[in-house]
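Peer 1: Submitted below is the structure of interest, expressed as structure tokens.
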Amino acid sequence: MMLLLYMVTGLYVILIAGFCYGFDKIKSFNTSETISKTRFSIVIAFRNEASNVTDLLDSLVLLRYPKERFEIIFVDDASEDGSAQLISQFFEKQPTFHYSILNNERISNSPKKDAITTAISKAKNEWIITTDADCNVPNLWLNSLDSYIQNNDCNVIAAPVAYHQSNSFLKRFQALDFLSLMGATVGGFGINKPFMCNGANFAYKKETFLKLEGFTGNNTIASGDDIFLLEKALQDTPNAVQYLKSTNAIVYTKPQPNFIQLVQQRKRWAAKTSQYSSVFGKGVGVLVLTMNLLVLLSFIFVLSAIITLNTMLIIFTLKIVIDGILLFKTCRFFKTSFSTSFYIISSILYPLFTVLIACSTLFSTYKWKGRQFNK
């Protein structure tokens, strides 16, 4: 047992250390003052987002990109709360914007993928960008993407996402967890092993989407509109799949309001991992889960005299230190404060949370936007 604990811990430390190295290897991109050239189609799928979409709309009108060079395509996935009417009324007062609202054309088990496919079939421009209705986009969002595209040979761009700051314990816990995912995402790109991205800030050429046949092959899985397309692109043109590490491109989204909805969200995220084609991505998932499970079990092992207290403390300390280094780097990039005390408390709770989500995903369905989905 001791050998197993030390082996898993060693592999975990090596993995996270690799992400730390990769995070630094991806240099921050400074948006240059260039003539805007790229034409974008911003795709936003929504379902019952009346309480959130106004914030998104307010941020969209502040974009400092030439209005003739982008369009906004909203796709209504059977909303019942007047979201579409709210969007229409908003843009009636913004006549210079090019926007449209489409009804989702359902053809698969994945409403989100269907909505994106519906939008792309109508998109007029060369680059597609997806974001979510509960997000806020920065005013230099498109400028930073355009500048990056002009300076790099790329077909697919993953970009940063963060949660809004909050004083709530649950929301701070979510924010820290999400930052760890962002750190691993950037780190993966930095070591040439990309395995994650986020659909709230994801861009790709329309011709690339069509060449890859969109979501064909994974549209039986409700979620994963970002990850599975990333995997396809990596198999096709790996060097053209890149990460835009720019503070001007950070999209902010909202944490879940309560623990039940948080569990449902994380179950949705976890449900797609078994379908990953990336061996590295699957390996990361298994190693992270195993590490957290062993940390959790180590408390029991100490009480059962299977391992010593010193062994447990060494394992926990190694994990908390290496995780903390990656989180600190990520917080610094996102200009978020890093509270050592809150981090330690979260690190004690996180193994229990991770194992709970994993077990729950194995034995139950999940709810998303008022619908029930299987794994």
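The values are calculated or read from the model by the stated rules, or taken from the named source; none is laboratory data. Just so it is clear, the structure is predicted and the values come from calculations on it, not from any experiment. Quick reminder, even Gly has a Cβ in these numbers, built from the backbone with ideal geometry, and neighbours come from all protein chains shown.
Peer 1: I'm checking my understanding of the structure. Among residues of the stretch 302-319 that are assigned to a helix (DSSP H, G or I) and touching a helix residue (DSSP H, G or I) at 6+ places or on another chain (Cβ under 7 Å), which one is surrounded by the fewest Cβ atoms within 10 Å (Cβ to Cβ)?
Peer 2: Among those that are assigned to a helix (DSSP H, G or I) and touching a helix residue (DSSP H, G or I) at 6+ places or on another chain (Cβ under 7 Å), it is Leu309.
Peer 1: Inside the stretch 320-343, can you point out the residues that are more than 20 Å from the chain's Cα centre (by Cα) and not in a helix (DSSP H, G or I)?
Peer 2: Residues satisfying the conditions are Ser337, Phe338, Ser339.
Peer 1: When you go through Ser41, Ser51 one by one, which is the residue that is outside any helix (DSSP H, G or I), surrounded by 20 or more Cβ atoms within 10 Å (Cβ to Cβ) and of a type in the set (Gly, Ala, Ser)?
Peer 2: Step by step, each of Ser41, Ser51 is checked, and only Ser41 is outside any helix (DSSP H, G or I), surrounded by 20 or more Cβ atoms within 10 Å (Cβ to Cβ) and of a type in the set (Gly, Ala, Ser).
Peer 1: Restricting to the stretch 135-150, count the residues that are in a helix (DSSP H, G or I) and either buried (at least 21 other Cβ atoms within 10 Å of the Cβ) or on the phi > 0 side of the Ramachandran plot (or both).
Peer 2: Residues in the stretch 135-150 being in a helix (DSSP H, G or I) and either buried (at least 21 other Cβ atoms within 10 Å of the Cβ) or on the phi > 0 side of the Ramachandran plot (or both): 9 in total.
Peer 1: Cβ-Cβ under 8 Å, sequence separation 6+ or interchain: first residue in the stretch 159-172 and in a loop (DSSP other than H, G, I, E, B), partner hydroxyl-bearing (Ser, Thr, Tyr) and buried (at least 19 other Cβ atoms within 10 Å of the Cβ). Which pairs?
Peer 2: Listed by first residue and then by second, the contacts come to Ala159/Tyr243; Ala159/Ser246; Pro160/Ser246; His164/Tyr252; His164/Thr253.
Peer 1: Just for the stretch 197-219: of the residues that are part of a loop (DSSP other than H, G, I, E, B) and within 15 Å of the chain's Cα centre (by Cα), which one is nearest to Thr185 (Cα to Cα)?
Peer 2: Cys197
Peer 1: Now, a different point. Just one of Ser36, Ser108 is assigned to a loop (DSSP other than H, G, I, E, B), closer than 30 Å to Phe333 by Cβ, polar (S, T, N, Q) and at pLDDT below 95; which is it?
Peer 2: Ser36
Peer 1: A further question follows. Give the residue that is farthest from Pro257 (Cα to Cα), with candidates limited to residues of the stretch 54-91 that are assigned to a helix (DSSP H, G or I) and among the small types (Gly, Ala, Ser).
Peer 2: Only one residue fits best here, namely Ser88.
Peer 1: Residues of the stretch 182-195 being touching a strand residue (DSSP E or B) at 6+ places or on another chain (Cβ under 9 Å) and either of a type in the set (Asp, Glu) or assigned to a helix (DSSP H, G or I) (or both), which ones?
Peer 2: Met182, Thr185, Val186, Gly188, Phe189, Gly190
Peer 1: Under 25 Å from the mean Cα position of the chain (by Cα) and within 20 Å of Ser223 (Cα to Cα), is that true of Ser110?
Peer 2: When the stated conditions are applied, Ser110 passes them.
Peer 1: Against the condition closer than 18 Å to Leu181 by Cβ, in contact (Cβ under 8 Å) with a residue 24 or more places away in the chain and either part of a loop (DSSP other than H, G, I, E, B) or in contact with a strand residue (DSSP E or B) (Cβ under 8 Å, 6 or more places away or on another chain) (or both), how does Thr290 come out, does it pass?
Peer 2: So Thr290 fails the test.
Peer 1: Any chance you could count how many residues in the stretch 86-134 are hydroxyl-bearing (Ser, Thr, Tyr), crowded, with 21+ Cβ neighbours inside 10 Å and within 25 Å of Arg69 (Cβ to Cβ)?
Peer 2: 4
Peer 1: Filter the stretch 92-104 for residues that are of a type in the set (A, V, I, L, M, F, W, C) and either assigned to a loop (DSSP other than H, G, I, E, B) or at pLDDT below 95 (or both) and give the result.
Peer 2: Phe97
Peer 1: Same structure, new question: Can you tell me how many residues within the stretch 175-223 are small (Gly, Ala, Ser), touching a residue at least 60 places away in the same chain (Cβ under 8 Å) and farther than 17 Å from Ser41 by Cβ?
Peer 2: 9
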